[in-house]
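The values are calculated or read from the model by the stated rules, or taken from the named source; none is laboratory data. Keep in mind that what you see is a predicted model, and the values were worked out from it rather than measured. Cβ placement follows ideal geometry from the backbone for every residue including glycine, while neighbour counts extend to all protein chains displayed.
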Amino acid sequence: MSRQKFRILVPFASGVAAAGLFLGLSGSVTSLAATRYEDLNLFTSVLNLVRKNYVESVDEGALIEGAVRGMLQTLDPHSSYLAPDVYKEMQVDTRGEFAGLGIEIAKRRDGFIEVISPIDGTPAQRAGVRARDMIVGICPTEKPEEWTEPCRGTKGMTLVEAVKLMRGRKGTKITITIERDGFETPQPYTIIRDIVKIVSVDHELLDDGYGYVRLRAFQERTGRDLRESLAALRQELGGGDLTGLVLDLRDNPGGLLDQAVEVADVWLSEGLVVYTKGRVESQRHEFSSHPEETEDGYPMVILVNAGTASASEIVAGALQDHDRALVLGTRSFGKGSVQTIIPLEDGSGLRLTTALYYTPGDRSIQEVGIEPDIVVERPTVVAAKETQRQRVREADLEGHFTIEEADPDAVPGDAEPAQEGEAPGAEADSAVDDAEDVQLTRALEVLKSWSYFERLTAANRTRGESEIQTLAKP
């Protein structure tokens with residue numbers, strides 16, 4: 001396998017070149033034309049029949065776009081067509097800065113949009129939006145052309161549609177309708193948009209020199225921000241070393257693959273971090289760690305839950321396989337596939353699943369997720385509240401690749417037909433917001449026990465060497 005830089009969500013082809021790439025996946029252009037001519041003829045015939053005979057005039061561009069969407073929906077839940085505005089929003093997300101409200105949202109099983117949490121210092125937080133609020137309606141500043149009403153309910157609305165409506169120019173107003181425990185009726189919140197900067201890395205110093213770092217997503221600066229956070233923790237310790245570290249990857253939906261590799265490389269001095277394997281040779285890559293600037297070997301615990309997906313599972317899996325950290329929490333999401341964003345001529349793009357990834361121990365986490373070394377469930381009270389809002393994992397999405405299809409010794413083949421599915425992190429209900437974060441508390445206890453036994457082992461080793469030297473004297 002070749003070793004080279006690679007990135008999820010980074011364009012690598014455009015226009016005719018992208019079209020050529022797709023044809024190359026199934027063989028030569030000539031053979032494809034010969035074997036699929038009848039299918040293309042069927043499509044053209046249906047398009048002409050609709051254009052000539054439908055009860056109303058049709059937009060042929062919209063018909064073609066609908067056909068492309070339908071084609072990609074037959075693949076897997078993570079392959080999709082990105083309209084120009086959606087493609088642009090996706091690029092904004094990876095940069096971590098945009099004009100909007102400043103809330104993390106997720107899709108509920110009942111179809112509505114739920115607030116995971118408002119981001120500190122943003123318009124949404126200042127307006128009083130809270131975690132677990134349910135957004136039941138959106139009244140955008142600029143109403144889409146197809147709307148006949150000023151506001152629309154969010155039930156059945158996709159996350160992409162909701163994000164698109166809530167983002168807009170700085171200084172413009174938008175009204176969202178919120179349903180909350182304690183409200184007799186849903187209440188309108190009018191918010192003025194502002195520039196929101198997403199901080200992908202948070203940190204704080206716990207007691208006795210133990211550090212805590214939370215990664216919210218893998219964006220363009222995540223690796224650099226992580227190193228800055230670790231340096232800041234040491235500065236708070238007066239330049240001393242960390243006694244141990246908790247790395248929180250809960251409800252982290254993933255992001256850029258190269259940033260996941262860079263994050264794992266912070267704690268690994270050698271060896272494989274992850275490798276990818278697709279149906280074509282060009283999708284086979286290995287990513288290895290480097291000895292430069294590796295963190296000290298202090299004890300480390302990684303927190304995961306059902307919202308830990310994709311790039312965050314790469315980090316957890318790599319550090320777990322190399323015995324560099326213990327993983328604590330509940331089973332992760334289970335998204336073991338790689339999506340590549342391919343830009344098209346009109347400014348739109350394709351999000352296409354091109355490979356599956358595997359941990360250093362030749363494990364695929366597709367469908368099964370990362371199993372914690374120490375299972376710690378959420379508090380009973382919180383779990384009771386979630387009986388009506390079960391967490392969605394990769395295995396719940398129709399058309400997902402199975403663990404058998406992700407066997408590292410087999411070449412990925414055809415998947416079963418899929419319906420449109422939610423992205424990783426759907427139904428995310430942040431464990432970090434619990435009044436009593438039992439998982440973090442347990443992680444700190446594990447680190448303290450770990451440090452204690454290391455000191456005890458070292459003391460016993462020193463005592464044993466001293467006894468041997470005494471016995472060796474004449």
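Summed over segment 329-347, residues that are in a loop (DSSP other than H, G, I, E, B), hydroxyl-bearing (S, T, Y) and in contact with a Leu (Cβ under 6 Å, 6 or more places away or on another chain) total 0.
Each row is one residue, and each column tells you yes or no for (1) free of Cβ contacts under 8 Å to residues at least 40 places away in the same chain; (2) in contact with a Pro (Cβ under 7 Å, 6 or more places away or on another chain).
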position	(1), (2)
L257	no, no
L272	no, yes
T276	no, no
H285	no, no
H290	yes, no
E295	no, no
Y298	no, no
V301	no, no
V304	no, yes
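Within segment 170-180, the residues that satisfy the criterion of being of a type outside the set (K, R) and touching a residue at least 40 places away in the same chain (Cβ under 8 Å) are I174, I176, T177, I178, E179.
Inspection of segment 255-275 finds a residue satisfying the criterion of being under 30 Å from I174 (Cα atoms), out of contact with any Lys or Arg (no Cβ under 9 Å at 6 or more places or on another chain) and assigned by TED's automatic domain parsing to the domain that holds V438. Determine whether R167 is touching a residue at least 12 places away in the same chain (Cβ under 8 Å), assigned by TED's automatic domain parsing to the domain that holds P118 and of a type in the set (K, R). Considered against the rule, which asks whether it is touching a residue at least 12 places away in the same chain (Cβ under 8 Å), assigned by TED's automatic domain parsing to the domain that holds P118 and of a type in the set (K, R), R167 comes out as yes. For the condition among the acidic types (D, E), at pLDDT 90 or above and either more than 19 Å from G307 (Cβ to Cβ) or surrounded by fewer than 20 Cβ atoms within 10 Å (Cβ to Cβ) (or both), what is the one hit in D346, D362? Answer to the selection: D362. Can you pull out every residue in segment 193-211 that is more than 30 Å from K173 (Cα to Cα) and either among the hydrophobic types (A, V, I, L, M, F, W, C) or surrounded by 21 or more Cβ atoms within 10 Å (Cβ to Cβ) (or both)? Residues satisfying the conditions are L205, L206, Y210, G211. Of all residue pairs spaced 6 or more apart or on separate chains, those with beta-carbon atoms under 7 Å, a first member in segment 211-226 that is over 24 Å from Q439 (Cα atoms) and in the same structural domain as L440 (by TED's automatic domain parsing) and a second member that is surrounded by fewer than 23 Cβ atoms within 10 Å (Cβ to Cβ) and at pLDDT 95 or above are G223/E262. Working only within segment 110-148, note down all residues that are exposed (fewer than 15 other Cβ atoms within 10 Å of the Cβ) and modelled with pLDDT under 90. Within segment 110-148, D110, G111, D120, G121, T141, E142, K143, P144, E145, E146, W147, T148 meet the criteria.
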